Amino acid sequence: MLHKVEISTEQGLTLELPLESLSGYVVKDIEGLDPVKATLVSSSFAMMDGEQYQSSRRESRNILLKLGLESDYSTLTNRELRLQLYKFLMPKSHVRLRFFIEDAPTVDIYGRVESFDSTSFTKEPEAVISLVCHQPDFYSPTPVVIEGLTVSDSTELMVNYEGTVESGLILTVRPDRDLSGFVMHHRPPDGKMRTLEFSEPLAAGDILKLSTVTGGKFARRTREAIEESVLYGVSPYSAWIQLFPGLNALRMFSEGAPVPYTVEYTTKFGGI
Amino acid sequence: MELYVLDDRLRRIEVIDRFESLIWTERWGAFGDFELVIQSTPETRRMFVPDIQVVTNESDRVMVIDTVENKHDSEGRSTLTVTGRSLECVLDDRIATEGYSGLSENTNWELTGTPGNIARYVFNKICVEGILSQEDIIPFITEGSNYTDTTIAEPDQVITASLPIGTVYETIKELCEIYSLGFRLIRNFDQSQLFFEIYTGSDRTAHQSSLAPVIFSPDLDNLNNVTELTSVSGHKNVAYVFSKNGAEVVYASGVDTQNTGFKRRVLYVNANDVDSEIPAGPELSSILLNRGLDALAQHRKLYAFDGEIPQSGSYRYGIDYNLGDVVEQRTEEGATNIMRVTEQIFVSDGEGDRSYPTLSLDTLITPGSWSSWDYNETWSEATETWATA
């Protein structure tokens, strides 16, 4: 169960909103925490029944925060409470919302304040704040880091991805010997094998960082403190591996002695 | 669809998978083009500047950015619209002539050979050997190909071409248009190699058996919402080509030389720029024939065809067909058209990724003709007889 919401501004101010609070700011309702609506694209054709599915895409998220202003009249009046709230939730401002949930991971989401409507002259004054989160997923603030060694056999590394939305990963390879390349095999829960092949030679002491995160894909090698793109080392036939909810089997294959690597990913949730 | 930015060795160094829209078109006998609309940020403005080369994960063609428009609208949206042409456009920056001489002299480049070999020769002389200037040499050109051999034979007719000074692109394009050839300048993955090819395409109609046929037809559920347009308003089938030392009557390919009356559509071609020192004879005839065919190629029957090919369709570009291949298009009325894949368009936007070909008429086969597909006919009802030797 959700028990606290934290709002942080870009200026570093943080407002804590415990859900059980009875004075000050009272969280009356939060809308827009379910999975967002998907837009489905399809085509209809003459002489054919139904439609042909083309693609689907999830829209941005709209969170509505309804906060009651409960003044105790000894420290802050309702007006002062409302004015203080402006510091955190002024329309146009960019904020981070952190949701604390019992028995579940804490999650973050970034949004931009769209509107701030308050009712001042009522018995129960409240503020309704609308936030638009252009990236609709909630994500775990702490990335998961898994360490492993390359294999020259069929040994797999099992990764239990606890999110509900697929997530890319950042692979870091720190070869302690010369490495001609490697192949990362990925077997997601649906069983369809995907492969990412990297064929640019690496030398002992190099650091390779390869990201498959959507919108932030790259392959960069640091050699003698100089970083450069080695995207051309990724085979054009490679799949940009995404972890899917459930058990994902990864196999980092390379000939010869094991080479250390790490896989880092952010757990993402489509709704809480 | 993903877009990659190349470094100066034609290797991918940046990947872009988040943009508003990308339209990528590659063509058989001309350069292709693309348009990318992406959010304008310092990073994208740094990345997309003129002369930068880009590729996609769907294609082996390289596009060169030539125009970048950075737009800020009243709603605060900043978009970068990036457009460019495929690498074949570099041929438009090279001049096709055999050497430097004053324009008072005859500057036409006279070459004899098959049309395909003449086009290759022009490319090699200017862009590989650099006969005009070593600086004209296109880097990374290597002999080779990523494609298997095409099955349609190149025209083996030996011609004498009198090529006026023009760009290598115009010269090759014109030759290719007349003789149904295509050309491409493609990247060999990240190997810092470019392959230049003149090619014909493969026959993927039902009239052959070496390749799996590619047939677009409403009956096969892979062609819908068809629009067809046929026009002969600008059509000419005979060219009278006049030069200083002679004239030639040239017939369009496949036209009956006995065409008379209303069927005869004559085109006048002025070829007085042909070298006056070439006397009447086989060499002049060959040059005038080439001129006539060139002019007639621009006055073909117009046949426009538009149809939607569902994404779930049975054929995939690069696997089942390629640019230049001839495929079949069948209408519900029984007409079979032999079409050539002249263009492949890739679109990626808010509605997802789509890819579809543009088909141009190669041969129109009407129902009932010997070449036609026997639509709705049964053996017992056939009225034709076997040809006798």
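No lab work stands behind these numbers, since they all come straight from the coordinates. Keep in mind the model is a prediction, meaning the values are calculated, not measured. So basically every Cβ, Gly included, is an ideal-geometry build from the backbone, and we count neighbours across all protein chains shown.
Springs join every pair of Cα atoms under 10 Å in this Gaussian network model of chain A, and among A:55, A:43, A:254 the largest mean-square fluctuation is at A:43. Rounded to whole Å, the principal axis extents of the Cα atoms in the protein assembly as shown read 112, 63, 54, largest first.
Here the Debye sum runs over all C-alpha atoms of segment A:144-269 as equal scatterers in vacuum, and log10 of I(q)/I(0) at q = 0.18 Å⁻¹ comes out as -0.94.
The value for segment A:2-136 of Rg(Cα) / (2.2 N^0.38 Å) is 1.35. Only lysines eight or more places from residue B:301 in sequence, or on another chain, were considered; those with a Cα closer than 29 Å are B:173, B:236, B:263. Considering only B:29, B:352, B:130, the Gaussian network model of chain B with Cα springs below 10 Å gives its largest mean-square fluctuation to B:352. Entry note: segment B:94-199 has Rg to Rh equal to 0.98, where both radii use alpha-carbon atoms and Rh is the Kirkwood radius.
With a cut-off of at most 10 other beta carbons within 10 Å, and DSSP calling the residue loop, which GluC sites (Glu not before Pro) in segment B:245-350 qualify? Please list them. In loop regions of segment B:245-350 (DSSP not H, G, I, E or B), the sparsely surrounded GluC sites (Glu not before Pro) are B:277, B:333.
Spin-label model, residue B:219 to residue B:8: label points 7 Å out along the Cα-to-beta-carbon direction sit 5.9 nm apart. Looking at chain B alone, DSSP beta bridges between its own residues are antiparallel in about 90 percent of cases. In this structure, the amide hydrogen of residue B:141, modeled 1.01 Å from its nitrogen in the peptide plane, lies closer than 5 angstrom to those of B:194, counting only residues at least 5 positions away or on a different chain. Taking every Cα-Cα distance in segment A:73-210 and sorting them into 5 Å bins starting at zero, the pair-distance distribution P(r) comes out as 2, 7, 12, 13, 11, 11, 10, 8, 7, 6, 5, 4, 3, 2, 0 percent.
When each of A:158, A:90, B:63 is scored by the number of other beta-carbon atoms lying within 10 Å, the sequence from fewest to most is A:158, A:90, B:63. Placing a label point 7 Å from the Cα of residue A:72 along the Cα-to-Cβ direction, the residues of segment A:6-48 whose backbone N falls under 20 Å from that point are A:15-28. Hull volume per residue, based on the alpha-carbon atoms of segment A:3-51 and their convex hull, is 128 Å³. For segment A:74-83, backbone phi angles converted through the Karplus equation (6.51, -1.76, 1.60; θ = phi - 60°) give residue-by-residue couplings of 9, 9, 10, 7, 4, 5, 5, 4, 5, 5 Hz, Gly and Pro being listed as x. Modelled spin-label separation between residue B:208 and residue B:114, with each label point placed 7 Å from Cα along the Cα-to-Cβ direction: 1.4 nm.
Computed over segment A:2-136, relative contact order equals 27 percent, with contacts defined as Cα pairs under 8 Å that lie 6+ residues apart.
In this structure, the amide hydrogen of residue B:10, modeled 1.01 Å from its nitrogen in the peptide plane, lies closer than 5 angstrom to no residue at least 5 positions away or on a different chain. Considering only B:37, A:42, B:318, and ranking their Cα positions along the charge dipole of the protein assembly as shown that arises from unit charges at the beta-carbon of Lys, Arg, Asp and Glu, the one farthest toward the positive end is B:37.
Rounded to whole numbers, the Karplus 3J(HN,Hα) couplings from phi for segment B:346-360 are 10, 10, 9, 8, x, 9, x, 9, 9, 8, 8, x, 10, 10, 10 Hz, using 6.51 cos²θ - 1.76 cosθ + 1.60 with θ = phi - 60°, and x at Gly and Pro.
Taking B:336, B:67, B:25 in turn, the Gaussian network model of chain B (Cα-Cα springs below 10 Å) assigns the largest fluctuation to B:67. Both radii are taken from the alpha-carbon atoms of segment B:3-86; with Rh as the Kirkwood radius, Rg/Rh is 0.97. Scanning chain B for chymotrypsin sites (Phe, Trp or Tyr not before Pro) lying in DSSP loops with no more than 12 further Cβ atoms inside 10 Å, the longest uninterrupted stretch between such sites is B:101-369.
Think of the protein assembly as shown as having a plus end and a minus end, set by charges on the Cβ of Lys, Arg, Asp and Glu; of B:231, B:272, A:214, A:214 sits farthest toward the positive end of this dipole.
All Cα-Cα distances of segment B:238-297, cut into 10 Å bins from zero to the largest, leave 25, 51, 21, 3 percent in each bin in turn.
How would you classify chain B from its alpha-carbon gyration tensor, with a ≥ b ≥ c the square roots of the eigenvalues: rounded for a/c under 1.5, else prolate if a/b is greater than b/c, otherwise oblate? Oblate is the answer for chain B, as a/c is 1.5 or above yet b/c matches or exceeds a/b. Taking chymotrypsin sites (Phe, Trp or Tyr not before Pro) across segment A:163-272, the ones in a DSSP loop with at most 11 further Cβ atoms lying within 10 angstrom of their Cβ are A:237. Between segment A:85-105 and segment B:144-160, the C-alpha centres lie 66 angstrom from each other.
Partners of residue A:209 within straight-line reach, counting aspartates and glutamates whose Cα lies under 12 Å from its Cα and excluding those fewer than 8 residues away in the same chain: A:227, A:228, A:264.
Once the GluC sites (Glu not before Pro) in DSSP loops with at most 11 neighbouring Cβ atoms within 10 Å are cut out of chain A, the longest remaining piece is A:103-223.
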